[in-house]
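The values are calculated or read from the model by the stated rules, or taken from the named source; none is laboratory data. Bear in mind that the values here come from a model prediction, so they are computed numbers and not experimental data. Heads up, the Cβs are rebuilt from the backbone with ideal geometry, glycines too, and the neighbour counts pull from every protein chain shown.
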Amino acid sequence: MVIKKVGIVGFGQMGTGIAQVSASAGYNVLARDIDSNYLDKGVARITKNLDKAIEKGKLKEEDKSKVLGNINTTTHLEEFKDCDLVIEAVIENMDEKVDVFMELDKIVQKDAIFASNTSSLSITDIAARTTRPEQFMGLHFFNPVHIMKLVEVVKTIATSENTFKHGKEFAESVGKTSVTCGDRPGFVVNRLLIPYLLDAVRILEDGTASREDIDNGMMLGCGHPMGPLTLIDFIGLDTVLYIGDIMFEEFKGSHFAAPPLLRRMVNMGYLGRKSGRGFYDYKK
């Protein structure tokens with residue numbers, strides 16, 4: 001099997017990033033979202049990223065045209081029938097993801113590979129609802145996709161060696177370094193990252209240190225590019241809470257239990273950068 005056409009379902013921040021790196025690597029990309037306005041915004045986001053790369057001398061103007069020329073958009077899943085690889089990047093909700101793949105399973109050619117970009121949900125549970133679990137895997141990209149170099153390649157108990165091989169080769173062909181992991185909540189990165197972030201909230205909550213001292217301590221003491229509270233604001237407090245809850249449900253470890261402060265902030269709508277306020281105020 002040769003992967004030539006890549007379908008991407010969900011054209012938000014992650015979907016546009018995956019589309020950009022795939023198109024830059026020469027793949028024919030078909031992106032789908034439920035509303036044409038989302039598709040237009042996604043193309044505009046990619047165009048802005050490419051323009052920045054041109055300004056920095058990392059990309060030529062003619063290469064920008066090639067990348068954008070490799071991307072087509074649609075609101076109809078039916079157009080995915082001849083895709084060789086379909087990557088799902090919709091909202092982090094099991095029912096939504098299952099619905100997408102059950103529909104795709106009826107449409108896409110039988111030898112195509114399915115992959116989910118989920119950061120926390122069970123790949124196995126999604127794959128089991130399709131007729132091709134052996135052709136199903138996880139390809140977890142990191143945000144922002146066009147900058148972050150890692151992809152977690154997730155193999156379930158049903159994923160065939162051939163599927164795994166093609167998925168890993170695809171991840172590396174778009175310029176990423178891949179790490180292989182089994183299908184457990186959080187995979188490698190979030191399994192380690194989420195407890196660290198939750199502990200940072202606990203330290204703030206119990207008054208051990210201020211937000212600035214927590215962040216500066218980890219940046220200057222451990223060489224991290226940003227502190228944990230700033231990182232939570234970047235990721236989204238609701239996203240961190242959601243992933244933490246899923247991991248606690250699976251492992252029952254206290255280090256996965258969300259601090260009350262985090263849950264209260266989410267309930268209040270303090271979601272970080274995207275809402276204008278999290279541990280820091282971004283409205284200023």
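Structural remarks
- Residue check for residue 145: in the same structural domain as residue 110 (by TED's automatic domain parsing) and free of Cβ contacts under 8 Å to residues at least 40 places away in the same chain: no
- All positions within segment 134-154 that are in a strand (DSSP E or B) and either under 16 Å from residue 189 (Cβ atoms) or within 13 Å of the chain's Cα centre (by Cα) (or both): 138, 139, 140, 141, 150, 151, 152, 153, 154
- Filter pass, residue 131 being part of a loop (DSSP other than H, G, I, E, B), over 27 Å from residue 47 (Cβ atoms), among the polar types (S, T, N, Q) and modelled with pLDDT of 95 or more: yes
- Looking across segment 198-214, just one residue is more than 18 Å from residue 267 (Cβ to Cβ), under 24 Å from the mean Cα position of the chain (by Cα) and buried (at least 20 other Cβ atoms within 10 Å of the Cβ), and that is 200.
- Scope segment 182-197; condition surrounded by 15 or more Cβ atoms within 10 Å (Cβ to Cβ) and farther than 20 Å from residue 157 by Cβ; matching residues: 189, 190, 193, 194, 195, 197
- Filter pass, residue 23 being of a type in the set (Gly, Ala, Ser), at pLDDT 95 or above and part of a helix (DSSP H, G or I): yes
- Segment 106-122: number of residues that are in contact with a strand residue (DSSP E or B) (Cβ under 8 Å, 6 or more places away or on another chain) and either assigned to a helix (DSSP H, G or I) or within 21 Å of residue 13 (Cα to Cα) (or both): 6
- For first residues located in segment 232-247 and within 12 Å of residue 198 (Cα to Cα) and surrounded by 21 or more Cβ atoms within 10 Å (Cβ to Cβ), partners that are small (Gly, Ala, Ser) and at pLDDT 95 or above and lie 6+ apart or on another chain with Cβ distances below 6 Å form the pairs 237/272; 237/278; 241/258; 244/258.
- When segment 256-284 is filtered for residues that are touching a Leu at 6+ places or on another chain (Cβ under 8 Å) and modelled with pLDDT under 95, nothing remains.
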